[in-house]
Structure formats: C-alpha cells, structure tokens
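The values are calculated or read from the model by the stated rules, or taken from the named source; none is laboratory data. No experiment lies behind these values; they were computed from the predicted model shown. FYI the Cβ positions are ideal-geometry reconstructions off the backbone, even for glycines, and counts take in every protein chain you see.
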Amino acid sequence: MTDQPHKPNRFTFLAKSIAMAITFSFASPAALAEEEEKKKKIQEARNAALVEANARAQTKNVQDGLPDIGGGDQGPNKAKETADALTSKAISAAQSAAKTSSSNTSTSSTSATDQFTADVANAAISSGISTLKQSDNQFLQRLEGGVTLGAEGGVDVNLKTIGTLYGGEDKRHYLLTQFGVHNEGDRATANVGLVYRWIAPNDAWLLGGNVFYDHDFHNGAHRVGLGVEAATTSMRFFANTYAPASDWKTIENQPDFEERAASGYDLGLTWSPTRAPGLDLTVKGTRWHGDQVDVFGSGQTYKDPFVLTTKVAYSPVPMFGIALEHDSAMGTGQRDTRVSFNFKYQLGETLGAQTARTNVAQRNDIRKRATEFVEREEKIVTEIREKDIPLAFVGPAVVNDSVMSDAMYTYGLQVTGAKDGHSFTLTGADAAVFTLAGNELRLDPTKMTSAELAKDNRFEATVNVIDGRGRVAQQHFIVDVIDIDPDGDGLSNEQEKEHGTDPNKSDTDGDGLDDKTEIDTGTNPLDPNDPGAGNVPTNVDVHFNGSPLTGAPLVGSVLSAAVTCKDGSCPTTGLTYQWQIESAVGSGTYVDIAGATGATYTVVAGDQKRRIRVLATQP
C-alpha cells in the first residue's frame, strides 16, 4: 500500500446544472397555476402604464438572452413564440403587481418589485419547460442527475443524458448515445458512449453492447471501455472492460510520481423484484490491474485490487430515487459507503405521470430498459507509479576547473533521482588532498608550496554517490592550481604583471636584488643600474672577529670583507668579491686566490707570513 494524496478539484457547474434541472421540475406546477390566475380580468391601476413599460424593458432583456435549444430550422420560430408568450405573461404579472400595489397601501414598493420579479421568473420557467418539451433535440428529452454523500463527508454530483439515434416502439434495434459529467472522488470526468440494443420477439428480453470514451479533467487521463448487457423485466446483467488510452502523466505537486487510467473489468447483476416495484438490488465485482491502484481516490494504493460492490436502490416514483452503495476492496480493509439521491426528468411526459407511484413498475418494461443508461464505472480509477529517474549528478560527468594558489576551491554537489537518502565518498589518486563537507567538495592550495606546485599542479579525484537503494553515480574532477608566485620573489603574478616584471624570474634586471626588494626600497626592478653610483663600494677592509685585522692571522682564521659604499649603505646582495695574497713574502704584489670569491675567506697553511686583501665591486 502506498499513500499518494490527490489535490481536490471540484466542478461547481455540475451542482448548478442539477439545481437548475430540479428547479424546472418543481417550478412548473406553480408557474402554470400562477398563469391561470393571472388570466382573470384585473383592473389596471393608476401606475399600470409605468409598470407595463418597465416589464416590457425587462422582458426584452430576457428575449435577448434566450438560447437556441434545438429543433433545427424551427429554432428561431420557437424562440420567437417563447419570447412572445413570456412577454405576455410578464406584462400580466406586471399588471397584477400594479393592482396589488394600488389596492394595498401597506405594501411597500420593494415588496411590489419582489412580487413582480417572482412572477416574471415563474413565467420564464413555465415557458422554458414548455419549449423544451416541444424541442426535437433528443438529448433534452431525458436527463438524470444525482448527489452522492460519502461516509467521510464528501459530496459528489453528476449529470447525464441519453438520446435515441435510431429505434422506437415498432423497432427491435436501438442505437443511442449517452453523455455524462461527474466529479466523483473529487475528480471531474466526462463520458461519451455509443450504445446498441436488440429486443427479442415479444419483448421478452434484450441484448446490448456499448463502447465508451472517458476523460479525466484533473490530469488529462483518457480511457476506453467496452461493455455487454442482457436484461429481462426483472434481471439485468452487465459486464465491462476498461483500458487506458493515454500515457503516464506527472501527478500535480508530486513530481516523482505519475499516473494513468487503470485497466480492469467488472461483472454485475441487478434484480428488480416484481412484487416490490421501484426496488433494485445490485451486486458487482470489479478487478483493477496494476501494482499501485488508487481505488477510492484516497491516495491509498493496492496491487491488483478486487472490489465487491453491493447496492440497494429504491424509487418511490419514477422521478426520484435513493440508493445505498457499499464498496469493499477485498483483503485490504478499505471500504467506502455512499448514499445517493437521484432524479430523472423525462421531457415530453407530464409531471403527474413522472410522480405517480403506479408508474414505477413501467420502468422495468423491456422497451423502457432499451433506452436506460448503461451500467458501468463512470469515474476513472487511476494506477500510480514512481518515476524511473536514474541516480545522477547535476552537471558534466567530468568537471575541469582551476583555482589560484591563495584561494580555497569549492564545488557544490547536486544529485537527482536519489531515493531514501544518499551519501558521498572520494576515490582517486589525489583524493587525499580533497575533502567533503556535506554536499561540498573542497581543495585547499594555500598549504602547497611553489616548489610542490612546480612539480605537479594538477589534482584529480572522483566523487561517488550512493542512495538508499544501492544505486551509484560518479562525477570526476580535474583541478589545476595556478601558483600566484612561481619565481618565489614574494610578488604574485598579478603584481608582477602590474609592475612589468618577469613572473618566472625573481630578479628581472639581474642587478642582484630580487624584484620585491627593489619595489619595497623604491628602486626600479627593471633597471640593472638602479641602485646606481650611490651604492658603489668605495673601500673594503679585512676584518677578523668583527674588527679590522691587525697582525698576522692564524691558520684557520675566518676573515670577512667590510665594504664601505659611496652613499653610506651597501646592498646586501649584488656585490662580487675577490680575495688576493702576496705573490711572495714582502713582495707587495698581489695575486688572486683561486676560488676565493665570497664575502669571507679562511686562512690556510700556505698563506703564512704573506699579506691578504679583498676586492669588492658592483657588477
């Protein structure tokens, strides 16, 4: 069993149609009585002329609104006759109201107006019924409607009509068309069908067949039905089969589910006891096919349900009837009980004949049964299923992306078709550098060095999703990390671009100072001569342990160059050094010491007794 509630969708025009038909039924006698009374001679009151003029104006509006209710080419003539009759009756009603107003001083003008309106309404109803009776339109000759009250408080209404295309008192073959509209189960349905019936000799019994088309306005479902029937004066057998004629449709407000008309069949038998005219006892069995069939329109579904229906109907007079119907979905515990109040109006027959108790038995006459409505399921029972939506990631199967080395990479993971929850996992060669935070994939390049990124700046991983039903989907990620400072000079690529320096060289001008140092100290990182002459070394002394060297250094002593520049400050980098030693003890001639080009020099044994000096230059 599955719960899939439907959204209610009532068609109030059905109730209005039934109310209108009932009004026709009850108002006719009163209208006729009023008409006879108004035919008596009355004395015209002093304001009769004014009232008569108003009546003519209002009647003109009624004439303009009269519909063409059938009759072929005679329609305009009959409409004119009806309008003329209505005009006469309205004027008569106006004169009566005027007389009442003048003879009864206690009657207010409002009461006179109300009386006039009521009289005109009765005249209109009377004329309308008279015209319908004279109409040649077969579908206006037989109307049936009803109001059904459910055990849970639901109210259903229906209206249907049947017309004879071929057949009659001297015919054995009947061809009819049946129309109907219903809102059973809070779903409005329309039915149209073609009915064939054959009457056996001596009107002993009949056989029939029918084909119907059903349309559900709620979700656009279509269905076709085929039926057969047989009847005697006391028994009626019927069988129908139903098949969907439209594809699956998404259920409103339930995008993961869809529905269509369910297929099925029913078999039924109605017994009308001869000794109890007006009583009908019906039993019917219905089998619907489908894994999730919503039998009662409640949202509760069952697999291949079988519904047993019992019905007791009673008509005290041909026009009215009451029925008690009980449905039970066998094996499910679900039941539905309804009480129906029905009316039948046969235009062309007198109201007295339709309300006479003695005429109830005539409805079981074979000729009467030949023009009866078909017994079938008029509402569309639906079959529901869950959409087969595959589990998948939203977006491309392979995501190619990039991120700067100073930013966090994030990607929102979205999936469709997941059932009963879902979870994510990471796999792949670089899965360790990625993390999952809820539905978000993350990569943090700020923890990576330029040296690491120089070796490999592409990272790949696969995100796997699995839902509660074990289904799996994947999305692959390729993320390139763009190092913002590949040369390590402290300037980002954007800053290098801004200053025009080379993002892949820390010292663009080759003056011994890195680009960031030159920018920070105000020198030009693109000019090898800046810093200029102000930084040229002017003197260099040899120091030992931080003080000028005096005397002869010992073997193993570390000597250092102390440079003095022209502007008083020397660059920390960019100077070149060359240590020199006397060619011989006391010669005063100096030669370069091979390989001694650093800012310091360590005395060796061969240097004993000879003088040592250092040269410092700026390239």
State whether the residues of the range 228-243 include one that is under 20 Å from Val293 (Cβ atoms), assigned to a strand (DSSP E or B) and either hydroxyl-bearing (Ser, Thr, Tyr) or touching a Cys at 6+ places or on another chain (Cβ under 9 Å) (or both).
-> yes
Any idea which of (1) over 36 Å from the mean Cα position of the chain (by Cα); (2) exposed (fewer than 12 other Cβ atoms within 10 Å of the Cβ) is the one Met404 doesn't satisfy?
-> (2)
Mind checking which strands (runs of 3 or more DSSP E) fall wholly inside the range 383-446 and carry at least 3 residues that are touching a residue at least 12 places away in the same chain (Cβ under 8 Å)?
-> 398-404, 409-412, 422-427, 440-443
Conditions: (1) surrounded by fewer than 18 Cβ atoms within 10 Å (Cβ to Cβ); (2) touching a helix residue (DSSP H, G or I) at 6+ places or on another chain (Cβ under 8 Å). Thr538 meets all but one. Number of the miss?
-> (2)
Name the residues in the range 598-619 that are crowded, with 18+ Cβ neighbours inside 10 Å and free of Cβ contacts under 8 Å to residues at least 60 places away in the same chain, would you?
-> Tyr601, Val603, Asp607
Any residue in the range 181-188 that is assigned to a strand (DSSP E or B) and either free of Cβ contacts under 8 Å to residues at least 60 places away in the same chain or touching a Phe, Trp or Tyr at 6+ places or on another chain (Cβ under 7 Å) (or both)?
-> no
Does Thr270 count as exposed (fewer than 15 other Cβ atoms within 10 Å of the Cβ) and of a type in the set (Val, Ile, Thr)?
-> no
What do you reckon, is Val472 at pLDDT 85 or above, under 30 Å from Ala397 (Cα atoms), loosely packed, with under 14 Cβ neighbours inside 10 Å and among the hydrophobic types (A, V, I, L, M, F, W, C)?
-> yes
Note on Lys497: of the conditions (1) in a loop (DSSP other than H, G, I, E, B); (2) surrounded by fewer than 15 Cβ atoms within 10 Å (Cβ to Cβ), unmet is (1)
Could you check Ala262 against (1) within 26 Å of Glu372 (Cβ to Cβ); (2) surrounded by 15 or more Cβ atoms within 10 Å (Cβ to Cβ) and say which number it fails?
-> (1)
Inspect all residues belonging to the range 366-377 and state whether any of them is hydroxyl-bearing (Ser, Thr, Tyr), more than 34 Å from the chain's Cα centre (by Cα) and within 30 Å of Ala221 (Cβ to Cβ).
-> yes
Counted residues, the range 460-494 - those being of a type outside the set (Val, Ile, Thr) and under 21 Å from Ala429 (Cβ atoms) = 10
Which one is nearest to Met235 (Cα to Cα) among residues in the range 273-285 that are surrounded by fewer than 14 Cβ atoms within 10 Å (Cβ to Cβ) and free of Cβ contacts under 8 Å to residues at least 40 places away in the same chain?
-> Pro273
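For (1) under 19 Å from Gly154 (Cα atoms); (2) aliphatic (A, V, I, L, M); (3) under 32 Å from the mean Cα position of the chain (by Cα); (4) in a loop (DSSP other than H, G, I, E, B), each residue gets a yes or a no:
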| position | (1), (2), (3), (4) |
| --- | --- |
| Arg275 | no, no, no, yes |
| Thr282 | no, no, no, no |
| Gly285 | no, no, no, no |
| Trp288 | no, no, yes, no |
| Asp291 | no, no, yes, yes |
| Phe296 | yes, no, yes, yes |
| Lys311 | yes, no, no, no |
| Ser315 | no, no, no, no |
Strands (runs of 3 or more DSSP E) contained entirely in the range 573-619, each with at least 1 residues that are of a type in the set (A, V, I, L, M, F, W, C) and either under 30 Å from Asp509 (Cβ atoms) or at pLDDT 85 or above (or both) = 576-582, 590-592, 612-617
Give the number of residues within the range 318-332 that are surrounded by fewer than 17 Cβ atoms within 10 Å (Cβ to Cβ) and aliphatic (A, V, I, L, M).
-> 3
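Table: residues versus (1) under 30 Å from Phe459 (Cα atoms); (2) of a type outside the set (Ser, Thr, Tyr); (3) in contact with a Cys (Cβ under 7 Å, 6 or more places away or on another chain); (4) without any contact (Cβ under 8 Å) to a residue 60 or more places away in the chain.
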site	(1), (2), (3), (4)
Ser492	yes, no, no, no
His499	no, yes, no, yes
Thr523	no, no, no, yes
Thr538	no, no, yes, yes
Ala552	no, yes, no, yes
Ser557	no, no, no, yes
Ala561	no, yes, no, yes
If we keep just the residues of the range 333-345 that are of a type outside the set (D, E, K, R) and buried (at least 16 other Cβ atoms within 10 Å of the Cβ), which is nearest to Gly154 (Cα to Cα)?
-> Ser340
Is it true that Gly331 is part of a loop (DSSP other than H, G, I, E, B), touching a helix residue (DSSP H, G or I) at 6+ places or on another chain (Cβ under 6 Å) and assigned by TED's automatic domain parsing to the domain that holds Thr274?
-> no
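Residue-wise test of (1) closer than 30 Å to Ser246 by Cα; (2) modelled with pLDDT under 90; (3) in the same structural domain as Gly278 (by TED's automatic domain parsing).
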{"residue": "Thr355", "(1), (2), (3)": "no, yes, yes"}
{"residue": "Thr358", "(1), (2), (3)": "no, yes, yes"}
{"residue": "Gln362", "(1), (2), (3)": "no, yes, yes"}
{"residue": "Thr371", "(1), (2), (3)": "no, no, yes"}
{"residue": "Glu378", "(1), (2), (3)": "yes, no, yes"}
{"residue": "Val381", "(1), (2), (3)": "yes, no, yes"}
{"residue": "Gly412", "(1), (2), (3)": "no, no, no"}
{"residue": "Gly417", "(1), (2), (3)": "yes, yes, no"}
For the range 194-216, pairs from a residue that is outside any strand (DSSP E or B) to a residue that is among the β-branched types (Val, Ile, Thr), with Cβ under 6 Å and 6 or more apart or across chains, are Asp203/Ile366; Trp205/Thr232
Scanning the range 298-309 for residues that are crowded, with 18+ Cβ neighbours inside 10 Å and either among the β-branched types (Val, Ile, Thr) or assigned to a strand (DSSP E or B) (or both) gives Gln300, Thr301, Tyr302, Val307
Taking the range 447-459 and keeping residues more than 19 Å from Ala429 (Cα to Cα) and not in a loop (DSSP other than H, G, I, E, B) leaves Ser450, Ala451
